[in-house]
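The values are calculated or read from the model by the stated rules, or taken from the named source; none is laboratory data. Note that the structure is predicted; figures quoted are calculated from it, not measured. Cβ coordinates were reconstructed from backbone atoms using ideal geometry, including for glycine residues, and neighbour counts include every protein chain displayed. With ligands, DNA and RNA removed, areas are computed over all heavy atoms of the protein, side chains included. Shrake-Rupley method; radii C 1.70, N 1.55, O 1.52, S 1.80 Å.
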Amino acid sequence: MRQRVPSDVERLMWLVAESNDPNAIADFEGRFPEFSLELSRRCRMMSDLKGARANSASDHRIPVFTPRSTQMGPPRKTVWVASGLALAALAMASYSVTKWATAPPPVLPKVEQVITEPVQLRDTNVYVPPKQPVETPPLQNPTSVPPNIQQPTSPQEQPKTLRLSNTSLRAALQMIGEMAGYHVEIAPGFKDQQISIDYNGETTSNMLKDLGAQYGFTPFDQGDGTIIIVPAVDGGPPLDDSNGSGRRLGG
Amino acid sequence: MLSAVIEKPRSENFDEDTILVDRYLAGDDTVFEIIYRKYYDKVFAIARGVLIDSDEAADAVQEIFTLVYRHLKRFDRRSKFSTWLFRIAVNRSIQESRKHRFKNRTVELTEAAGKEAPVEKEEMDPRVQLALAKLSPQDRALLTLFYWEELSLNEIADSIGSNVNAAKTRLYRARERFRIHYEVPA
């Protein structure tokens, strides 16, 4: 069990141990015999500690001094911050170069659709022909159609030229109706006969009226593209009234 | 007899270094070799006491004298040249010791596992070496300056950058910690 050393004796004991003076050691042991063992421990410790210096330096040769190129490095924190900044700058530079190298060419504005208003022509004297051409039925006898005829709005009102000779009345009516796009139906009791006609620039209705007045019948337009030929004349005998007064066409 | 021990001076003033420094600053580069050889053992002892390892100490000595070689113009003569030199040696050795902290921990773990520590070229008492290794670099520097270089408390205070009383207190505590580690049965 180690005995507790008073502070003043402790201080004196360290001085004696550090000096390693035999006389001082003997003097201390004479005055404090109870601490002689503790003093011997500390003397040994001081001897070993000081002797360690002699052992470490005695055999060492002095090398030639050559100033080193490396100075004291900056603090580690500064090194880390500088390294981080350098890496960030390198990353930014790499990103910029890559982006610049792989960028697509500048895109020109692309016209998707051009919408233009239709040009409004002013009133001119230009003649616009009708879309539907004039249909000419096959004729038994050659006929000549004069050019440059003004086309009326409806087919039956268009002037036509028709010349027939020695033809039955029934066939002549059929032909006149078909020229205007009508279907001609002839009522029972109609008396057919051989006729010759020569119309130049007459409309369908005028032709039928004229023939009805001559041969005693009345054309009735049904409104559905059909003309019925009735062998009678209003207000008179169907065949005898050749004037055709009071006759009518259409409904 | 005891009073003679207590009043024994630790060191004497030495102004020869000032003359050498003046010659070097005047352009005589050969003087630095004289300074280097004169103080090599002392600087090596400080570095060895702090770093323990001889190779690391030898490397640190070269670093220390390189710093002195380049910054000798900064010596302000407010203290002795040796004190200025030892301050550089202590600070640089402690800085180097922090670099090699991992290695010292590895040594401690090896010893804790019951294995023998590697034997150094210049053999130090293993018991002393073990006790020093368990101290902080600052404690090792204080013990080295006082017991190996036999500097006075004033010089130690200058070397570690503190006042005399603080240096004295820190030295006593370092010595006590060393004693505890030294007397621990192996």
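Tell me, which residue of region A:18-40 that is in a helix (DSSP H, G or I) and within 7 Å of chain B (Cβ to nearest Cβ) is most open to solvent (accessible area, probe 1.4 Å)?
Taking the candidates together, the pick is A:Asn23.
Considering only residues that are more than 23 Å from A:Arg41 (Cβ to Cβ) and among the charged types (D, E, K, R), look in region B:128-167 and name the one that is most open to solvent (accessible area, probe 1.4 Å).
Applying the filter and picking the extreme gives B:Asp158.
Quickly run through region B:147-178 and pick out the residues that are within 14 Å of chain A (Cβ to nearest Cβ) and farther than 16 Å from B:Trp84 by Cα.
Within region B:147-178, B:Tyr147, B:Trp148, B:Lys168, B:Thr169, B:Leu171, B:Tyr172, B:Arg173, B:Ala174, B:Arg175, B:Glu176, B:Arg177, B:Phe178 qualify.
Give just the number: which of (1) touching an Asp or Glu at 6+ places or on another chain (Cβ under 7 Å); (2) modelled with pLDDT of 90 or more does B:Ala141 not satisfy?
Unmet for B:Ala141, out of (1) touching an Asp or Glu at 6+ places or on another chain (Cβ under 7 Å); (2) modelled with pLDDT of 90 or more: (1).
Which members of region A:2-14 meet the condition of being farther than 15 Å from B:Arg179 by Cβ, open to solvent by less than 80 Å² (accessible area, probe 1.4 Å) and either modelled with pLDDT of 90 or more or part of a helix (DSSP H, G or I) (or both)?
A:Val9, A:Leu12
Which numbered condition trips up B:Ile46, out of (1) open to solvent by 10 Å² or more (accessible area, probe 1.4 Å); (2) touching a residue at least 40 places away in the same chain (Cβ under 8 Å); (3) closer than 21 Å to A:Arg53 by Cβ; (4) more than 9 Å from chain A (Cβ to nearest Cβ)?
Of everything listed in (1) open to solvent by 10 Å² or more (accessible area, probe 1.4 Å); (2) touching a residue at least 40 places away in the same chain (Cβ under 8 Å); (3) closer than 21 Å to A:Arg53 by Cβ; (4) more than 9 Å from chain A (Cβ to nearest Cβ), B:Ile46 misses just condition (1).
Restricting attention to region B:60-79, does a residue exist that is open to solvent by less than 80 Å² (accessible area, probe 1.4 Å), among the small types (Gly, Ala, Ser), at pLDDT below 90 and within 21 Å of B:Ile156 (Cβ to Cβ)?
Within region B:60-79 (the criterion being open to solvent by less than 80 Å² (accessible area, probe 1.4 Å), among the small types (Gly, Ala, Ser), at pLDDT below 90 and within 21 Å of B:Ile156 (Cβ to Cβ)), the answer is yes, since at least one residue qualifies.
Every residue in region A:172-204 that is touching an Asp or Glu at 6+ places or on another chain (Cβ under 9 Å), free of Cβ contacts under 8 Å to residues at least 40 places away in the same chain and of a type outside the set (Phe, Trp, Tyr), please.
Correct list: A:Ala180, A:Ile197.
Tell me yes or no: at least one residue of region B:52-59 is at pLDDT below 90 and of a type in the set (A, V, I, L, M, F, W, C).
yes
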